[in-house]
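First up is the structure itself, then whatever we jot down about it.
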Amino acid sequence: MSKTLVLDPGHGGSDPGAVGNGLREKDLTLDICKRVKKYLESNYTGIKIHMTRTTDKYLSLSQRAQFANSKKADLFVSVHINAGGGTGYEDFIHNSLSNSSTTAKMRDTFHKEVVKEQSFWRNRGKKKANFAVLRETKMAAILTENGFIDNKNDADKLKKSSYLDKIAKGHAEGIAKALNLKKKTTSSTSKNTTTSTKKTNSKKTYYRVVAGSYTERKNADAQVARLKKAGFDAFIDIYEK
(Lines give C-alpha, C1' and ligand atoms only; values in the text may rest on other atoms or scores of the structure.)
Protein backbone atom coordinates (compact mmCIF):
# COMPACT_ATOMS: atom_id res chain seq x y z
CA MET A 1 0.00 0.00 0.00
CA SER A 2 1.39 3.39 -0.97
CA LYS A 3 2.41 5.82 1.77
CA THR A 4 1.95 9.59 1.64
CA LEU A 5 4.63 11.99 2.81
CA VAL A 6 4.40 15.76 3.22
CA LEU A 7 7.69 17.65 3.24
CA ASP A 8 7.56 21.13 4.73
CA PRO A 9 10.41 23.50 3.85
CA GLY A 10 10.39 25.92 6.78
CA HIS A 11 9.67 29.64 6.28
CA GLY A 12 9.49 31.21 2.80
CA GLY A 13 8.39 34.37 1.00
CA SER A 14 8.27 37.36 3.35
CA ASP A 15 9.53 35.12 6.20
CA PRO A 16 13.23 34.37 5.58
CA GLY A 17 13.65 32.44 8.82
CA ALA A 18 17.08 32.60 10.43
CA VAL A 19 19.75 34.57 8.57
CA GLY A 20 23.51 34.46 8.97
CA ASN A 21 26.85 34.07 7.23
CA GLY A 22 25.32 35.02 3.88
CA LEU A 23 22.61 32.34 4.12
CA ARG A 24 18.83 32.41 4.55
CA GLU A 25 16.98 29.56 6.23
CA LYS A 26 14.11 29.65 3.72
CA ASP A 27 16.49 28.97 0.80
CA LEU A 28 18.26 26.08 2.51
CA THR A 29 15.09 24.33 3.67
CA LEU A 30 13.60 24.41 0.18
CA ASP A 31 16.83 23.10 -1.34
CA ILE A 32 17.08 20.26 1.19
CA CYS A 33 13.43 19.21 0.75
CA LYS A 34 13.79 19.09 -3.02
CA ARG A 35 16.82 16.84 -2.60
CA VAL A 36 14.94 14.60 -0.17
CA LYS A 37 12.06 14.25 -2.62
CA LYS A 38 14.37 13.47 -5.53
CA TYR A 39 16.33 10.90 -3.51
CA LEU A 40 13.21 9.09 -2.34
CA GLU A 41 11.63 9.01 -5.79
CA SER A 42 14.88 7.72 -7.30
CA ASN A 43 15.49 4.99 -4.74
CA TYR A 44 12.16 3.87 -3.26
CA THR A 45 8.74 2.69 -4.40
CA GLY A 46 5.29 3.00 -2.88
CA ILE A 47 5.41 6.63 -1.80
CA LYS A 48 3.54 9.78 -2.80
CA ILE A 49 5.38 12.97 -1.90
CA HIS A 50 3.85 16.42 -1.50
CA MET A 51 5.63 19.63 -0.51
CA THR A 52 3.91 22.49 1.31
CA ARG A 53 5.83 24.83 -0.99
CA THR A 54 8.04 24.34 -4.04
CA THR A 55 8.90 28.01 -4.51
CA ASP A 56 9.81 31.01 -2.34
CA LYS A 57 6.27 31.37 -1.02
CA TYR A 58 4.87 32.42 2.36
CA LEU A 59 2.58 30.00 4.20
CA SER A 60 1.31 30.32 7.76
CA LEU A 61 1.96 27.50 10.19
CA SER A 62 -1.72 26.58 10.17
CA GLN A 63 -1.77 26.49 6.37
CA ARG A 64 1.12 24.02 6.41
CA ALA A 65 -0.66 21.75 8.86
CA GLN A 66 -3.96 22.02 6.98
CA PHE A 67 -2.20 21.09 3.74
CA ALA A 68 -0.75 17.95 5.32
CA ASN A 69 -4.11 17.03 6.83
CA SER A 70 -5.83 17.49 3.45
CA LYS A 71 -3.39 15.02 1.87
CA LYS A 72 -4.12 12.45 4.62
CA ALA A 73 -0.37 12.04 5.01
CA ASP A 74 1.22 9.14 6.87
CA LEU A 75 4.17 11.33 7.86
CA PHE A 76 4.92 15.06 7.99
CA VAL A 77 8.52 16.28 8.12
CA SER A 78 9.22 19.98 8.59
CA VAL A 79 12.81 20.98 7.77
CA HIS A 80 14.55 23.92 9.47
CA ILE A 81 17.95 25.46 10.16
CA ASN A 82 18.75 26.52 13.72
CA ALA A 83 20.15 29.75 15.13
CA GLY A 84 20.91 31.32 18.50
CA GLY A 85 24.32 30.01 19.42
CA GLY A 86 25.03 26.32 19.14
CA THR A 87 26.00 23.64 16.69
CA GLY A 88 24.63 20.42 15.28
CA TYR A 89 21.40 18.55 14.58
CA GLU A 90 18.26 17.95 16.63
CA ASP A 91 14.67 16.94 15.95
CA PHE A 92 11.32 17.37 17.67
CA ILE A 93 7.95 15.69 18.10
CA HIS A 94 5.01 17.23 19.96
CA ASN A 95 5.42 17.40 23.73
CA SER A 96 2.07 15.69 24.38
CA LEU A 97 3.37 12.39 22.99
CA SER A 98 4.78 9.60 25.10
CA ASN A 99 8.03 7.87 24.23
CA SER A 100 6.03 4.73 23.43
CA SER A 101 3.74 6.47 20.92
CA THR A 102 3.81 5.54 17.25
CA THR A 103 5.20 8.96 16.38
CA ALA A 104 8.01 8.64 18.94
CA LYS A 105 8.96 5.21 17.61
CA MET A 106 8.97 6.51 14.04
CA ARG A 107 11.13 9.43 15.16
CA ASP A 108 13.57 7.01 16.84
CA THR A 109 14.03 5.22 13.51
CA PHE A 110 14.23 8.48 11.58
CA HIS A 111 16.71 10.09 13.98
CA LYS A 112 19.10 7.16 13.79
CA GLU A 113 19.42 7.45 10.02
CA VAL A 114 19.73 11.24 10.00
CA VAL A 115 22.55 11.39 12.54
CA LYS A 116 24.36 8.62 10.67
CA GLU A 117 24.63 10.95 7.67
CA GLN A 118 25.11 14.11 9.77
CA SER A 119 28.01 12.70 11.77
CA PHE A 120 30.06 15.74 10.73
CA TRP A 121 28.55 17.77 13.57
CA ARG A 122 27.10 17.34 17.06
CA ASN A 123 24.00 15.22 17.71
CA ARG A 124 21.89 17.44 19.98
CA GLY A 125 19.37 14.67 20.52
CA LYS A 126 15.68 13.87 20.29
CA LYS A 127 13.43 16.54 21.79
CA LYS A 128 9.80 17.58 22.27
CA ALA A 129 8.11 20.95 21.80
CA ASN A 130 4.70 22.56 21.32
CA PHE A 131 5.38 23.76 17.77
CA ALA A 132 2.23 24.58 15.78
CA VAL A 133 3.02 22.29 12.84
CA LEU A 134 3.48 19.39 15.28
CA ARG A 135 0.38 20.30 17.29
CA GLU A 136 -2.03 20.89 14.40
CA THR A 137 -1.10 17.98 12.11
CA LYS A 138 -3.14 14.80 12.47
CA MET A 139 -0.43 12.36 11.43
CA ALA A 140 3.01 11.47 12.76
CA ALA A 141 4.99 14.70 12.56
CA ILE A 142 8.69 15.49 12.99
CA LEU A 143 10.49 18.85 12.87
CA THR A 144 14.23 18.89 12.18
CA GLU A 145 16.87 21.55 12.90
CA ASN A 146 19.95 21.07 10.72
CA GLY A 147 22.95 23.04 11.92
CA PHE A 148 23.16 26.65 13.13
CA ILE A 149 23.13 29.32 10.46
CA ASP A 150 24.84 31.82 12.80
CA ASN A 151 27.69 29.40 13.57
CA LYS A 152 30.42 29.86 10.95
CA ASN A 153 31.54 26.23 11.05
CA ASP A 154 27.98 24.98 10.55
CA ALA A 155 27.27 27.63 7.92
CA ASP A 156 30.39 26.69 5.95
CA LYS A 157 28.96 23.17 5.62
CA LEU A 158 25.50 24.45 4.71
CA LYS A 159 27.09 26.34 1.81
CA LYS A 160 28.37 23.10 0.24
CA SER A 161 26.23 20.90 -1.98
CA SER A 162 28.01 17.77 -0.75
CA TYR A 163 26.85 18.43 2.83
CA LEU A 164 23.32 19.29 1.72
CA ASP A 165 23.28 15.95 -0.08
CA LYS A 166 24.22 14.19 3.17
CA ILE A 167 21.52 16.05 5.10
CA ALA A 168 18.96 15.15 2.44
CA LYS A 169 20.05 11.52 2.25
CA GLY A 170 19.77 11.16 6.03
CA HIS A 171 16.24 12.56 5.99
CA ALA A 172 15.27 10.37 3.03
CA GLU A 173 16.67 7.16 4.51
CA GLY A 174 15.06 7.98 7.85
CA ILE A 175 11.70 8.53 6.17
CA ALA A 176 12.07 5.33 4.15
CA LYS A 177 12.75 3.23 7.22
CA ALA A 178 10.08 4.93 9.33
CA LEU A 179 7.49 4.21 6.60
CA ASN A 180 8.89 0.76 5.73
CA LEU A 181 9.38 1.67 2.09
CA LYS A 182 10.77 -0.80 -0.41
CA LYS A 183 13.91 0.00 -2.35
CA LYS A 184 13.80 0.00 -6.10
CA THR A 185 15.64 -2.92 -7.63
CA THR A 186 18.05 -2.72 -10.53
CA SER A 187 19.63 -5.55 -12.48
CA SER A 188 23.12 -4.23 -11.84
CA THR A 189 25.02 -1.15 -10.71
CA SER A 190 28.26 0.42 -11.76
CA LYS A 191 30.47 3.19 -10.42
CA ASN A 192 31.59 4.44 -13.81
CA THR A 193 29.64 7.66 -13.85
CA THR A 194 28.27 9.31 -17.00
CA THR A 195 28.64 5.94 -18.78
CA SER A 196 25.91 4.54 -21.00
CA THR A 197 25.60 0.83 -21.81
CA LYS A 198 23.45 -0.49 -24.63
CA LYS A 199 21.03 -3.41 -24.33
CA THR A 200 19.13 -4.80 -27.30
CA ASN A 201 16.15 -7.01 -27.90
CA SER A 202 14.01 -7.68 -30.93
CA LYS A 203 12.04 -4.45 -30.55
CA LYS A 204 13.95 -1.61 -28.89
CA THR A 205 17.34 -0.38 -27.80
CA TYR A 206 17.59 0.27 -24.07
CA TYR A 207 20.05 2.63 -22.44
CA ARG A 208 21.11 2.56 -18.79
CA VAL A 209 22.48 5.93 -17.64
CA VAL A 210 24.52 5.48 -14.46
CA ALA A 211 24.69 8.26 -11.84
CA GLY A 212 25.68 8.66 -8.22
CA SER A 213 25.92 12.16 -6.78
CA TYR A 214 23.13 14.74 -6.92
CA THR A 215 24.96 16.68 -9.65
CA GLU A 216 25.49 13.51 -11.70
CA ARG A 217 21.79 12.70 -11.41
CA LYS A 218 20.84 16.11 -12.78
CA ASN A 219 23.14 15.49 -15.74
CA ALA A 220 21.73 11.98 -16.11
CA ASP A 221 18.17 13.35 -16.20
CA ALA A 222 19.12 15.53 -19.14
CA GLN A 223 20.87 12.64 -20.89
CA VAL A 224 17.84 10.38 -20.49
CA ALA A 225 15.56 13.12 -21.83
CA ARG A 226 17.72 13.44 -24.95
CA LEU A 227 17.70 9.67 -25.52
CA LYS A 228 13.93 9.45 -25.10
CA LYS A 229 13.42 12.33 -27.51
CA ALA A 230 15.52 10.40 -30.03
CA GLY A 231 13.15 7.43 -29.69
CA PHE A 232 15.14 5.21 -27.33
CA ASP A 233 13.91 3.63 -24.10
CA ALA A 234 16.19 5.04 -21.39
CA PHE A 235 16.33 4.96 -17.61
CA ILE A 236 18.63 6.06 -14.78
CA ASP A 237 20.49 3.52 -12.64
CA ILE A 238 21.36 5.07 -9.27
CA TYR A 239 24.14 3.88 -7.02
CA GLU A 240 25.14 5.25 -3.62
CA LYS A 241 28.62 6.61 -2.99
Query raised in the report: With the dipole of region 35-174 worked out from charges on the C-beta (+1 for Lys and Arg, -1 for Asp and Glu) around the Cα centre, which of N82, F110, Y44 lies farthest toward the positive end?
Result: Y44
Query raised in the report: Considering amide H positions built from the backbone, and no H for Pro or chain starts, which residues 5 or more places from K3, or on another chain, come under 5 Å of its amide H?
Result: I47, K48
Query raised in the report: Going by the alpha-carbon gyration tensor, a ≥ b ≥ c the square roots of its eigenvalues, is region 8-101 rounded (a/c under 1.5) or, if a/c is not under 1.5, prolate (a/b greater than b/c) versus oblate?
Result: rounded
Requested in this report: Check the straight Cα-Cα distances from K48 and name the aspartates and glutamates below 12 Å, setting aside those fewer than 8 residues away within the same chain.
Outcome: D74
Query raised in the report: From the backbone phi of region 123-133, what are the Karplus-calculated ³J(HN,Hα) couplings (6.51 cos²θ - 1.76 cosθ + 1.60, θ = phi - 60°) in whole Hz, Gly and Pro given as x?
Result: 8, 7, x, 9, 10, 10, 7, 9, 6, 4, 5
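If you rank R124, R24, R107 by how much accessible surface each has, with a 1.4 Å probe, what is the order from largest down?
Largest accessible area first, the residues go R24, R124, R107.
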Requested in this report: Report S98's accessible area, 1.4 Å probe, all protein chains in place, as a number in Å² to the nearest 10.
Outcome: 60
Query raised in the report: Once you put a point 7 Å from the Cα of K48 and another 7 Å from the Cα of N180, both along the Cβ direction, what distance in nm separates them?
Result: 2.0
**Report entry** Exceeding the 26 Å Cα-Cα cut-off - candidates K159/K182; K126/K169; K38/K228; K37/K183; K128/K184; K37/K177
**Finding:** K159/K182; K128/K184
Query raised in the report: Which value, in Å² rounded to 10, gives the accessible area of D8 with a 1.4 Å probe and all protein chains present?
Result: 0
Query - Sequence of T185, T54, T29 from largest to smallest accessible area, 1.4 Å probe - result: T185, T54, T29
**Report entry** 3J(HN,Hα) from dihedral phi, region 156-167, Karplus parametrisation 6.51/-1.76/1.60, rounded to Hz, x for glycine, proline
**Finding:** 4, 6, 5, 7, 9, 4, 4, 6, 5, 4, 5, 4
**Report entry** With DNA, RNA and ligands ignored, accessible area of I142 (1.4 Å probe; Å², nearest 10)
**Finding:** 0
Query raised in the report: Per the 1.4 Å probe, what fraction of the accessible area of region 44-194, in percent, lies on carbon and sulfur atoms?
Result: 46
Report summary line: For region 97-156, the per residue accessible area (1.4 Å probe, Å²) is 48
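The values are calculated or read from the model by the stated rules, or taken from the named source; none is laboratory data. Nothing here was measured: the structure is a model prediction, and the numbers come from that model. Backbone-built Cβ (ideal geometry, glycine too); neighbour counts: all protein chains shown. Please note that ligands, DNA and RNA were not included when accessible areas were found on the heavy atoms of the full protein model with its side chains. Shrake-Rupley method; radii C 1.70, N 1.55, O 1.52, S 1.80 Å.
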